[in-house]
Amino acid sequence: MTIQMESYVQGSWHGPTGEAREIHNATTEEPMAVLSSDGLDFQGVLDHARTVGGPALRAMTFAERGALLKALSGAIHEHREELLDLSTANAGTTRKDGKFDVDGATGTLAAYAYFSKELGDRHLISDGDGIQLGRTARFWGQHIRVPRLGAAVHINAFNFPAWNMMEKAACALLAGVPVIEKPGTATAMVAWRIAQIVVESGLMPEGGWQFIAGSTGDLLDKMGPQDVMAFTGSAWTANKLRSNPNLIQNSVGMNMEADSLNAAVLGPDVEPGSETWRLFLRNVVLDMQQKTGQKCTAVRRVLVPENRMAEVKDELVAMLGEIVTGDPADRATTMGPLASAAQLRDVRAGIEKLAASASILCGGADPVHEKGYFVAPTLLEARSASEAIFHEEEVFGPVATLLPYSGTAADASAIVARGQGSLVGSLYSNDTPWVEEAVLAMAPWHGRLWVGSDRMAEQSLPPGMVLPSMVHGGPGRAGGGEELGGVRGILFYMQRTAVQGFKGQVHGCFGEVTA
Ligand code: NAP
């Protein structure tokens, strides 16, 4: 049975009308659902958020909004098994990969409930200490952060329908700003089911949560100066959206999370067989296999000192050979299909482009199974790290390229910088001066750097995992945005205002003890 996916706007559900798009089971290619946002009144959607949702959320304190997030996390978690099954069918995720997305969503909501504790029973944030501006302390200044009065429009990528939607929602809602969620269409079923759970829970104040199944129509053209847009997706779409004349005209706040050619760099000191060596190999394979490589943080460029290339190649090819592709519902399967037919087409074309300047060590663009959007884990070895294609082409699948380098931190940093800005870079070395030099050179090109060594190997979480307590985003090609990072993540949804005046009044404005 094909499901009619609905949008939840202005307090009610609206089924598809007009020309609907079909979405599919990634393993069988059978149609699962249709969706369309044709006929929705997007001005009404924005007004509903601004006039109904915003006031209700702003009437709550941070502590109350934190309690809301905690309750939402619990409500979604109760449906975990159902969501994992839906993720397997629609997005082709193994159970493990589905958990990464679904538990990532509930975990991030719970984390933001926890972060709300430091903000307490208040409605605004004092930003830094007060500053004496006059001859005496009478003339005083204080920066504050207050919730914006508009809507938060969230446009998400297909690869994390649950996490991507709820990591953004957690930050906006805690700030006191109502959300309008638009998932990536190819895998929208998990997001849609979560939207239903949120509405059915009765926890959300009316207007605090709206959900669009389908395109955003003319929504962006109606946004105003108190609204914000947070986007996750390709650099191509990000550039298209950031040039929308209405968004420019109204200085609408935009946060862009785009694509990234993340690099892993093996330090020259790392001996084959050592703990750091094994950590490096494990993480490269994990990034290629997890979510079938459809992770914005997955490694695409693997820098290996020239004198270690032969051993790295042999070990990686052997490890990748153990990956079992097939029906993701089967527990023996360790890597599912890509999420959509469009993804399969793009990944195959990408492999062919890379292969023009590299040798394929395993995998390739050939079909793997008769049905389903499958591709084999594909490792390539570049003829030279200087070829532009490896620093420009993001192949969004289980695909990575080995790039030889001299072993110096300066050489590695120069090669990595050619990606023009990444979400995460990982370094593997126990040589502290080498690490320090590499971190300093690479930090301006990254939102996050991850340093693997013998000392942390046993308790480390992998570089591809985004944590709510650490910032996520990256400069340049990665979009120039920043999300999460604890309380930092909610500041995008708030206006920073410098308040200057008599110290007693300035303090009084935000309910502090007057001097
Ligand atoms: P995409 O094609 O750029 O689409 C992203 C979102 O934008 C989707 O919801 C899409 O809707 C929507 N969209 C496309 N054109 C639009 C328009 N003109 N107006 C309004 N919305 C529009 O990216 P994707 O294929 O979903 O995701 C894969 C990409 O996302 C990869 O490049 C990956 O690196 C990147 N990504 C980045 C991060 C990060 O945090 N930096 C995280 C995950 C993924 P439809 O689906 O309906 O077309």
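The values are calculated or read from the model by the stated rules, or taken from the named source; none is laboratory data. Please read all numbers here as calculations on a predicted model, not as lab measurements. For neighbour counting, all protein chains shown are included, and Cβ atoms are generated from backbone atoms with ideal geometry for every residue, glycine included. Protein only, heavy atoms only, side chains kept; ligands, DNA and RNA dropped before computing areas. Shrake-Rupley method; radii C 1.70, N 1.55, O 1.52, S 1.80 Å.
Side notes on the structure shown:
- Being aromatic (Phe, Trp, Tyr) and more than 16 Å from the ligand (Cβ to nearest atom) is a description that applies to Phe280.
- Positions within region 365-408 being at positive phi and over 27 Å from the mean Cα position of the chain (by Cα), in sequence order: Gly407
- Condition check for Thr408: within 30 Å of Ala89 (Cβ to Cβ) and either within 16 Å of the ligand (Cβ to nearest atom) or of a type in the set (Val, Ile, Thr) (or both): no
- Hits in region 271-290 (condition: under 19 Å from the mean Cα position of the chain (by Cα) and either free of Cβ contacts under 8 Å to residues at least 60 places away in the same chain or part of a loop (DSSP other than H, G, I, E, B) (or both)): none
- Counting only strands (runs of 3 or more DSSP E) that fall entirely inside region 115-173 and contain at least 2 residues that are buried (at least 24 other Cβ atoms within 10 Å of the Cβ), the qualifying elements are 152-155.
- When residues of region 34-69 are limited to those that are in contact with a His (Cβ under 9 Å, 6 or more places away or on another chain) and either within 24 Å of Gly224 (Cα to Cα) or outside the structural domain of Leu219 (by TED's automatic domain parsing) (or both), the one surrounded by the fewest Cβ atoms within 10 Å (Cβ to Cβ): Ala59
- Taken over region 244-259, the criterion of being more than 6 Å from the ligand (Cβ to nearest atom), open to solvent by less than 70 Å² (accessible area, probe 1.4 Å) and either in a loop (DSSP other than H, G, I, E, B) or of a type outside the set (A, V, I, L, M, F, W, C) (or both) is satisfied by Asn244, Asn246, Asn250, Val252, Gly253, Asn255.
- Subset of region 360-375 [surrounded by fewer than 22 Cβ atoms within 10 Å (Cβ to Cβ), in a loop (DSSP other than H, G, I, E, B) and among the aliphatic types (A, V, I, L, M)]: Ala365, Val368
- Extreme residue, farthest from Gly66 (Cα to Cα), among residues of region 158-214 that are more than 14 Å from the ligand (Cβ to nearest atom) and charged (D, E, K, R): Arg193
- When Ala342 is tested against (1) open to solvent by 10 Å² or more (accessible area, probe 1.4 Å); (2) farther than 29 Å from Lys371 by Cβ, just one condition goes unmet, and that condition is (2).
- Evaluation of Pro268 against (1) assigned to a loop (DSSP other than H, G, I, E, B); (2) under 23 Å from Glu394 (Cβ atoms); (3) away from the ligand (no atom under 12 Å from the Cβ) (one fails), failing number: (2)
- A search for C-beta distances below 6 Å between a residue of region 212-225 that is at positive phi and any residue that is open to solvent by less than 50 Å² (accessible area, probe 1.4 Å) and polar (S, T, N, Q), counting only pairs 6+ apart in sequence or on different chains, returns Gly214/Ser36; Gly214/Ser37; Gly217/Ser37.
- For Thr187: the one exception among (1) of a type in the set (Ser, Thr, Tyr); (2) surrounded by fewer than 24 Cβ atoms within 10 Å (Cβ to Cβ); (3) within 20 Å of the chain's Cα centre (by Cα): (2)
- Residue within region 195-213 that is part of a helix (DSSP H, G or I), surrounded by fewer than 22 Cβ atoms within 10 Å (Cβ to Cβ) and of a type in the set (S, T, N, Q) present: yes
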